[in-house]
Amino acid sequence: MPSITSLSFFSTVNYASATSPSLPLFPFPRHTCKSKVSCKVGDHNQNPKGNRRDVLIGLGGGLGAAASFTYNPFATADPVVTDHTNCGDPNLPAGAKPTKCCPPNSNTVTDFVLPSNQPLRIRQPAHALSDDNINKYKEAIKLMKALPDDDPRSFLQQGKIHCAYCHDSYYEEGCPDKKIQVHFSCIFAPFHRWYLYFYERILGSLIGDPTFALPFWNWDHPDGMEIPAIFADRRSPLYNPLRNANHQPPTLLDLDWNKNDVDTSGDVEKNLKKVHKFIYQVKRPTCFFGRSFVTAGSLESLHNTLHSWSGDRTQPNGEDMGSFYSSGRDPLFYGHHSNVDRLWTVWKSFGREDLNNRDYLESSFLFYNENKNLVRVKTKDCLDTLKLGYEYQPVEVPWKDAKSSATTSKAQRMAKPFTTTKALDLPLILFEEPVSTVVKRPQKSRSQKEKDLKEETLVFDIQFNKRGDVKFDVLIDWEGNPKIANPKNREFAGSFVNVNHADSSRDTNVKYAIGITELLEDLEADDDDSIVVTLVPRYGRWVIIKDITINFEECENKK
Ligand code: C2O
């Protein structure tokens with residue numbers, strides 16, 4: 001079988017229909033709010049208040065009646081707004097024990113108000129926590145685990161929040177057939193920030209300490225590149241047996257981990273170079289956070305590997321950390337996400353901006369607070385951690401200057417032109433072997449001013465089954481064996497990583513975008529008419545690359 005095949009063998013399939021749920025490759029269900037019109041302001045205006053509310057209640061979800069639902073004439077369903085009246089059974093992966101993920105019923109939902117006059121909570125690295133702080137954390141988790149299962153603050157219920165938002169339990173308000181999915185999306189970062197905010201406040205209130213702060217798993221620093229010891233002590237409430245037995249401390253984390261490889265330990269330099277590429281080198285907010293509700297940003301992509309690396313591979317779906325429905329059951333999850341959240345603040349400290357479009361800012365989620373009240377929060381209220389009452393203890397970021405260098409110099413390339421000279425027909429299916437194709441650049445040799453305004457962006461249109469784990473790497477102008485390329489090589493442009501999860505919410509297609517302006521400068525390829533893009537499948541099956549393009553707008557922070 002050829003390593004890569006154009007879709008010609010689907011001669012009876014009109015490729016334009018490949019996004020349809022009837023495509024035999026992807027027989028999983030898909031719900032969409034068919035006509036966008038039904039979610040627009042204009043439509044709300046045509047419906048009297050009472051009607052719309054009745055419709056929502058009539059759907060009968062797990063949350064009971066909407067006693068305090070207030071109609072907002074300015075709301076549109078373009079921002080993702082959680083419908084608190086409608087939560088159903090999750091869409092679980094094969095082999096998962098049946099579970100429900102909706103929170104306990106509440107008739108009342110109140111809008112979140114920023115706290116005032118509270119002491120600052122300082123989140124510290126988990127590997128350097130004082131004994132006093134470790135004991136507080138253990139005590140708080142112990143108390144959380146001792147709460148009755150139906151208490152929304154209990155450890156069980158807190159873990160379910162992740163399942164509800166990641167495995168199709170919630171619906172979007174005004175779109176009774178549209179499920180919410182916070183991954184592969186620009187709302188990834190704000191959703192998890194809020195999640196940790198309430199988790200931390202609940203833990204603090206259980207031990208009566210308003211200064212209690214969640215520690216972060218500082219996996220981007222050499223001292224934190226293993227599962228922090230506090231989570232690995234078998235007698236501790238922070239321990240969870242469902243983790244990869246080969247990755248117990250002191251095994252060094254591998255941020256370039258390939259689950260098909262025999263387990264090897266990571267490499268500090270490679271890890272730092274990978275963080276440099278995924279955090280420091282990503283300048284534009286849409287590339288960092290994700291452009292839309294169906295595109296993952298580099299922060300989310302980088303974070304995925306930690307999930308897959310930590311989960312127990314002997315479980316059907318890599319539970320707990322390796323699957324989104326179960327990852328909230330592992331205390332390690334909250335340490336991991338505290339670091340993801342910290343990297344957002346570190347990234348901004350380099351002078352970079354948050355997304356500022358309305359759909360993003362108005363997106364909203366539901367959480368129970370420390371007083372067991374159901375609260376509605378919006379993305380726009382979480383952009384400044386100080387306003388939420390916490391900050392991160394500053395630690396060194398050794399990856400900031402960890403730029404990799406080119407393997408092949410311009411002179412070497414000129415002496416021996418690339419072996420790949422053709423553009424492959426698209427779409428193509430990625431199997432097990434690497435594949436290279438030439439991609440034309442619409443513009444070359446741009447001025448610095450043009451570059452400052454617009455990032456040259458390599459965009460992949462991808463279709464794949466989100467229920468499976470997937471990883472492929474992207475190399476640019478790479479010669480030689482692609483299988484040995486890694487983040488230490490400048491030609492290594494990025495990795496596409498999926499952690500299995502349900503997603504019938506928006507679409508089965510995603511875009512994956514990588515900013516390449518600086519990369520091409522470093523490779524001395526900025527004056528070239530085209531680049532050679534090599535895709536290296538690492539694991540997972542049936543990834544369809546529908547299109548590969550270069551554009552200059554994908555990473556703009558549009559109003
Ligand atoms: Cu909601 Cu780390 O994922």
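The values are calculated or read from the model by the stated rules, or taken from the named source; none is laboratory data. None of the values given here were measured: they were computed from a predicted structure. With ideal geometry, Cβ positions are generated from the backbone for all residues, glycine too; neighbour counts draw on all protein chains shown.
Residue by residue, here is whether (1) at pLDDT below 95; (2) aliphatic (A, V, I, L, M); (3) within 13 Å of the ligand (Cβ to nearest atom) holds:
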| position | (1), (2), (3) |
| --- | --- |
| Phe191 | no, no, yes |
| Trp194 | no, no, yes |
| Tyr197 | no, no, no |
| Leu206 | no, yes, no |
| Pro222 | no, no, no |
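If Pro417 satisfies every condition in (1) surrounded by 12 or more Cβ atoms within 10 Å (Cβ to Cβ); (2) part of a loop (DSSP other than H, G, I, E, B); (3) not hydroxyl-bearing (Ser, Thr, Tyr) but one, which is the exception?
(1)
What's the number of the only condition in (1) over 24 Å from His127 (Cα atoms); (2) in contact with a Leu (Cβ under 7 Å, 6 or more places away or on another chain); (3) within 13 Å of the ligand (Cβ to nearest atom) that Cys186 fails to meet?
Single failed check for Cys186: (3).
Select, from Leu366, Leu343, the only residue that is within 14 Å of the chain's Cα centre (by Cα), aliphatic (A, V, I, L, M) and crowded, with 18+ Cβ neighbours inside 10 Å.
Selected residue: Leu343, the only one of Leu366, Leu343 that is within 14 Å of the chain's Cα centre (by Cα), aliphatic (A, V, I, L, M) and crowded, with 18+ Cβ neighbours inside 10 Å.
Go through the residues of segment 160-172 one by one and say whether even a single one is more than 13 Å from the ligand (Cβ to nearest atom) and in a loop (DSSP other than H, G, I, E, B).
So far as segment 160-172 goes, yes, one or more of its residues are more than 13 Å from the ligand (Cβ to nearest atom) and in a loop (DSSP other than H, G, I, E, B).
Identify, by number, the condition in (1) at pLDDT below 95; (2) part of a helix (DSSP H, G or I); (3) crowded, with 20+ Cβ neighbours inside 10 Å that Ile230 doesn't meet.
All conditions pass for Ile230, except number (1).
Look through Lys259, Lys348 and report the one residue that is touching a strand residue (DSSP E or B) at 6+ places or on another chain (Cβ under 7 Å) and either more than 16 Å from the ligand (Cβ to nearest atom) or of a type in the set (A, V, I, L, M, F, W, C) (or both).
The conditions single out Lys259.
Of all residues in segment 351-376, which are of a type outside the set (Phe, Trp, Tyr) and within 16 Å of the ligand (Cβ to nearest atom)?
Ser363, Leu366
Determine the pairs where a residue that is closer than 21 Å to Arg467 by Cβ, located within segment 183-195, has a partner that is assigned to a loop (DSSP other than H, G, I, E, B) and within 8 Å of the ligand (Cβ to nearest atom) with Cβ atoms under 7 Å apart, the partner being 6 or more residues away or on another chain.
From residues that are closer than 21 Å to Arg467 by Cβ, the pairs are His183/Phe324; Phe188/Val182; Phe191/Val182.
Tell me the residue from Ser301, Ser326 that is within 13 Å of the ligand (Cβ to nearest atom) and either more than 17 Å from the chain's Cα centre (by Cα) or surrounded by 24 or more Cβ atoms within 10 Å (Cβ to Cβ) (or both), please.
Ser326
Give me a count of the residues in segment 269-285 that are over 30 Å from Asp354 (Cβ atoms) and crowded, with 17+ Cβ neighbours inside 10 Å.
Within segment 269-285, residues that are over 30 Å from Asp354 (Cβ atoms) and crowded, with 17+ Cβ neighbours inside 10 Å number 0.
Could you list, in sequence order, the residues of segment 422-445 that are part of a loop (DSSP other than H, G, I, E, B) and closer than 25 Å to Gly290 by Cβ?
Across segment 422-445, the qualifying residues are Leu426, Pro427, Arg441, Pro442, Gln443.
How many residues does segment 184-220 hold that are in a loop (DSSP other than H, G, I, E, B) and surrounded by fewer than 20 Cβ atoms within 10 Å (Cβ to Cβ)?
Number satisfying all stated conditions: 5.
Scanning for something without any contact (Cβ under 8 Å) to a residue 12 or more places away in the chain, part of a helix (DSSP H, G or I) and assigned by TED's automatic domain parsing to the domain that holds Pro237, does segment 133-155 turn up at least one residue?
Checking segment 133-155: at least one residue is without any contact (Cβ under 8 Å) to a residue 12 or more places away in the chain, part of a helix (DSSP H, G or I) and assigned by TED's automatic domain parsing to the domain that holds Pro237.
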